[in-house]
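In what follows, a structure is listed as structure tokens, so that the remarks can point back to it.
The values are calculated or read from the model by the stated rules, or taken from the named source; none is laboratory data. Worth saying up front: this structure is predicted, and the values here are computed from it rather than measured. Here Cβ is always computed from backbone atoms with ideal geometry, including for glycine, and neighbour counts include all displayed protein chains.
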């Protein structure tokens, strides 16, 4: 048996050549053993870890009910699924990922795990947040549940910085659709005391990436389903203003990369425009990409083809800001 290793693009490939005269049962067993050792070694350099967000019941929880599957609802035991890059490729950057779903479910595959693996391939840790979705059945103040989970996720990541080979000054957030509302809420409400954390770390993300995000809760701008699920059928105007995140931007709001499509019939593009304008007023670094076509819910946009090219543009933005290495 002749074997060789080949490194291509930072990945290891094992090639096995086994002449027919060597294909005895003993040889095959040895080959199987060597292949298993190789796969275990490969898994050791690129890790996937699941971490519960809370010890015991989350703050303000009422009862336990969890539905599984690609689209998840009624989450009562939030968790972070962490995709760590190989140490040799790690940039120290971590991105907490908030899938969308109108605050009624989580599109956790194409707006979660796929995105985490994309970050992982670029040397950043991708971390999928399975956050609680607002529901009077499972939480006392449903508008607080998602924000509590997002704040705690950032604090948890920073607390694990040394263990996970992460720079605590390079922890960002990305959100899609209603997950974009959560990401922009975290970016503007990170200091709001909605619970008592056991961690001393800040919940402020160092940067945010908002993909076709819901930002506002105001009528005529918002996505009605997200607003209804988060705030109720007839929310008080004070509550609407509080969670209209374009009104909450200040000088400490983190830099943002924002993507939307003009033909988005689910979440009006005005959500992204208003948030970008508020960042620009305060000279906060921000980049806004509005594509003519694309619609809504396209995730990494692989199925659409060009345009949009937002993953390439996002990668370039992250390189320019020092969150990714140019050669990865």
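Does residue 239 fit the bill of being farther than 22 Å from residue 99 by Cα, modelled with pLDDT of 95 or more and in a helix (DSSP H, G or I)? If you could, list the steps in order and put the result at the bottom.
On the way: farther than 22 Å from residue 99 by Cα: yes; modelled with pLDDT of 95 or more: yes; in a helix (DSSP H, G or I): yes.
Against the criterion (farther than 22 Å from residue 99 by Cα, modelled with pLDDT of 95 or more and in a helix (DSSP H, G or I)), residue 239 qualifies.
Scan the stretch 239-261 and tell me whether some residue there is surrounded by fewer than 19 Cβ atoms within 10 Å (Cβ to Cβ) and under 19 Å from the mean Cα position of the chain (by Cα).
Yes - at least one qualifying residue is present in the stretch 239-261.
Taking the stretch 275-294 on its own, how many of its residues are at pLDDT below 95 and either assigned to a helix (DSSP H, G or I) or surrounded by 20 or more Cβ atoms within 10 Å (Cβ to Cβ) (or both)?
Residues flagged as at pLDDT below 95 and either assigned to a helix (DSSP H, G or I) or surrounded by 20 or more Cβ atoms within 10 Å (Cβ to Cβ) (or both) within the stretch 275-294 amount to 2.
Which one of these is modelled with pLDDT under 95 and either on the phi > 0 side of the Ramachandran plot or surrounded by fewer than 24 Cβ atoms within 10 Å (Cβ to Cβ) (or both): 91, 76? I'd like the intermediate steps shown before the answer.
On the way: 91 fails: modelled with pLDDT under 95.
After applying the criteria, what remains is 76.
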